[in-house]
1. If one computes P(r) from the Cα atoms of region 11-220, what percent of pairs lie at distances over 20 Å?
2. Which FRET efficiency, nearest 0.05, do GLU184 and CYS58 yield, Cβ-Cβ r, R0 25 Å?
3. So which chymotrypsin sites (Phe, Trp or Tyr not before Pro) in region 61-131 end up in coil per DSSP with only 13 or fewer other C-beta atoms within 10 Å?
4. Loop only per DSSP, at most 10 neighbouring Cβ atoms within 10 Å: give me the trypsin sites (Lys or Arg not before Pro) in region 238-300, ordered by residue number.
5. Taking the alpha-carbon distance from LYS212 and a cut-off under 16 Å, which lysines remain once sequence neighbours fewer than 8 residues away in the same chain are dropped?
6. Mind giving me the nanometre distance, one decimal, between the label points for LYS139 and THR276, set 7 Å out from Cα along Cα→Cβ?
7. By how many nm would the segment from GLN196 to LYS46 grow when fully extended, if each residue of separation counts as 0.36 nm and the alpha-carbon distance is taken off?
8. Working from the alpha-carbon coordinates of region 69-143, get Rg over Rh, Rh being the Kirkwood radius.
Amino acid sequence: MATSLGSNTYNRQNWEDSDFPILCQTCLGENPYIRMTKEKFGKECKICARPFTVFRWCPGVRMRFKKTEVCQTCSKMKNVCQTCLLDLEYGLPIQVRDTGLSVKDEVPRSDVNKEYYTQNMEREIANSDGTRPVGLLGKAPSSSDMLLKLARTTPYYKRNRPHICSFWVKGECKRGEECPYRHEKPTDPDDPLADQNIKDRFYGINDPVADKLLKRASTMPRLDTPEDKSITTLYIGGLGEDVTDSELRNHFYQFGEIRTITIVQRQQCAFIQFATRQAAETAAEKSFNKLIINGRRLNVKWGRSQAARGKEREKDGVTESGIRLEPVPGLPGALPPPPVSDEDASTNYFNLAPTSSPAVMNLGLPPPPGVAMPPPPGFGPPMFHTMDPMAPPMPPPMAMRPPGQVHYPSQDPQRMGAHASRHGGP
């Protein structure tokens with residue numbers, strides 16, 4: 001550390017004294033009424049090793065206390081949060097941001113060069129208005145498609161949770177619910193995310209979080225343009241209940257003339273139809289994975305024609321209401337189409353195998369009501385001869401009957417008391 005103020009004041013002229021930290025929304029927490037402790041020159045910066053003002057606070061209930069880790073000069077040089085060292089605009093690591101913006105800002109590592117570089121950056125920060133980053137980052141393009149796709153739109157407060165209780169992992173924690181640490185199973189120690197270094201994150205090298213995000217960016221889906229040139233409609237999903245017609249129109253009108261905007265509140269989606277195909281293609285290219293309205297990332301896809309939608313649903317087994325039908329085992333196949341002419345007419349409507357039985361091959365229409373027909377097997381009179389003289393004669397066997405008609409049990413006149421009522425029975 002440097003000497004005291006009484007002995008040497010020169011060493012303290014570059015020490016940082018600030019009234020409020022530079023933080024992202026996640027580190028600040030969701031509580032608008034937050035209380036902070038401020039300690040002047042409490043610690044040295046973990047990057048430039050100069051003393052700075054340390055702030056300490058609790059971002060919320062059941063969260064761990066957080067504090068600033070780097071000075072404000074290093075924070076402004078990289079436009080990052082003083083605690084998590086993530087970019088203040090996109091919420092991404094420095095390595096991902098510099099890759100997306102094609103910026104290669106080499107910060108010196110040696111003490112002498114680092115001190116000289118820091119003094120030049122402080123001079124540039126003092127001459128700027130404070131609304132834009134300084135250095136090569138301020139000269140970079142304003143946005144990048146990859147950064148807009150990877151950017152976090154809402155704060156991630158789970159990052160402020162307490163650390164895992166090491167005593168609970170060993171089965172020795174006796175504080176129970178009063179323990180301020182988490183009682184959860186730790187992650188795999190071989191996971192690369194478990195080995196993070198604050199200096200590697202600041203310099204943008206060997207950052208495991210950045211490597212994970214860059215791999216995700218390389219495998220992100222693309223929006224293919226449909227071959228049907230008549231499609232000029234875009235599907236917008238994930239609207240929620242806050243997005244209105246005017247907000248969608250305010251975003252998409254810049255790409256071309258809008259014909260109609262249809263919002264389906266029940267499914268929380270919208271359909272935007274453009275007047276020209278070129279306007280629809282421009283809107284899809286500029287909005288895919290980059291459209292954010294009211295803090296919500298919206299899903300942009302191409303609309304489909306009615307014919308293609310019907311074929312796809314028929315192929316996938318989905319009804320018009322969007323319900324997927326699972327096949328039922330054991331059911332027969334689809335019925336054959338109706339015959340083209342009378343010559344092609346067939347009575348095999350249930351795909352039955354051909355058989356030599358005349359009762360199956362010679363299917364006919366049922367007889368009209370009131371015409372007595374011999375009953376089918378099993379529903380007629382008993383096989384033995386009866387002694388009643390009033391009983392009807394026995395029907396001939398099935399082998400002696402002429403082919404042509406098949407009787408059904410519901411059309412038997414001897415069932416349901418028909419025979420008894422004919423002879424004056426009850």
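The values are calculated or read from the model by the stated rules, or taken from the named source; none is laboratory data. Since the structure is predicted, the reported quantities are computational estimates derived from the model, not experimental observations. Note that each Cβ is placed from the backbone with ideal geometry, even for glycine, and that neighbours are counted across all protein chains shown. Quick note on the areas: whole protein, heavy atoms, side chains included, nothing else; ligands and nucleic acids left out. Shrake-Rupley method; radii C 1.70, N 1.55, O 1.52, S 1.80 Å.
1. 64 percent
2. My answer for the efficiency is 0.80.
3. On the way: sites: PHE65, TYR90, TYR116, TYR117; in loops: PHE65, TYR90.
Within region 61-131, the qualifying chymotrypsin sites (Phe, Trp or Tyr not before Pro) (loop, at most 13 other Cβ atoms within 10 Å) are PHE65.
4. For trypsin sites (Lys or Arg not before Pro) across region 238-300 that sit outside H, G, I, E and B with at most 10 neighbouring Cβ atoms in 10 Å, the list reads ARG266.
5. Reachable lysines: LYS149.
6. For LYS139 paired with THR276, the spin-label model returns 3.8 nm.
7. That pair, GLN196 and LYS46, stretches by 52.6 nm at full extension.
8. Result: Rg/Rh = 0.94.
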